[in-house]
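Structure record follows, encoded as structure tokens.
The values are calculated or read from the model by the stated rules, or taken from the named source; none is laboratory data. Please read these numbers as outputs of a predicted model, since none were measured by experiment. Glycine also receives a Cβ, built like all others from the backbone with ideal geometry; neighbour counts cover every protein chain displayed.
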Amino acid sequence: MILISWPVQVGGIVVLWLLLKILQIKLHLLPKQIAPIDLVSVLLFFPLHLLSLDAFGVSIVLYVIFGLGMCGILMTAFKAIFDGDIIIGKFMRQYWRILDCVLLISNFVLMIIVVIK
């Protein structure tokens with residue numbers, strides 16, 4: 001199996017994000033609630049895997065997925081306790097934004113570690 005290096009993958013994700021942003025601004029093909037990073041965030045798991053292999057020798061993707069699952073459970077519990085109900089659209093938008101932030105920050109930190117190493 002041939003794996004593409006992480007700089008090529010990150011570059012491809014940036015190009016895809018730019019194309020989606022142009023489609024959103026010029027052609028209005030995406031709804032306003034969906035940001036281009038929301039569609040690209042799933043692809044950020046692949047460079048995260050390769051970067052963590054380069055940095056630590058082991059993949060941290062499963063730990064990130066487990067942590068995001070626990071975050072979702074805690075968010076559900078807190079929303080049920082404090083708000084009394086869970087509005088699924090609002091909840092999913094907030095959860096997806098947390099997912100975006102976690103993946104972007106993880107990739108950025110691992111890029112710095114790999115470059116320094």
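Against the condition at pLDDT below 90 and either within 15 Å of Phe108 (Cα to Cα) or touching a Gly at 6+ places or on another chain (Cβ under 9 Å) (or both), how does Asp85 come out, does it pass? When the stated conditions are applied, Asp85 does not pass them.
Restricting attention to region 70-84, the residues that are over 19 Å from Leu99 (Cα atoms) and touching a helix residue (DSSP H, G or I) at 6+ places or on another chain (Cβ under 8 Å) total 0. Look at region 79-106: where a residue is more than 23 Å from Ser59 (Cα to Cα) and a partner is part of a helix (DSSP H, G or I) and aromatic (Phe, Trp, Tyr), sitting 6+ places away or on another chain with Cβ atoms under 7 Å, you get Lys79/Phe91. Within the span defined as region 29-39, every residue fails to be assigned to a helix (DSSP H, G or I), over 14 Å from the mean Cα position of the chain (by Cα) and surrounded by 11 or more Cβ atoms within 10 Å (Cβ to Cβ).
Would you confirm whether any residue within region 54-76 is within 12 Å of Leu110 (Cα to Cα) and touching a residue at least 60 places away in the same chain (Cβ under 8 Å)? Yes. From the list Leu19, Leu23, the one residue that fits, being part of a helix (DSSP H, G or I), of a type in the set (A, V, I, L, M, F, W, C) and under 30 Å from Val115 (Cα atoms), is Leu19.
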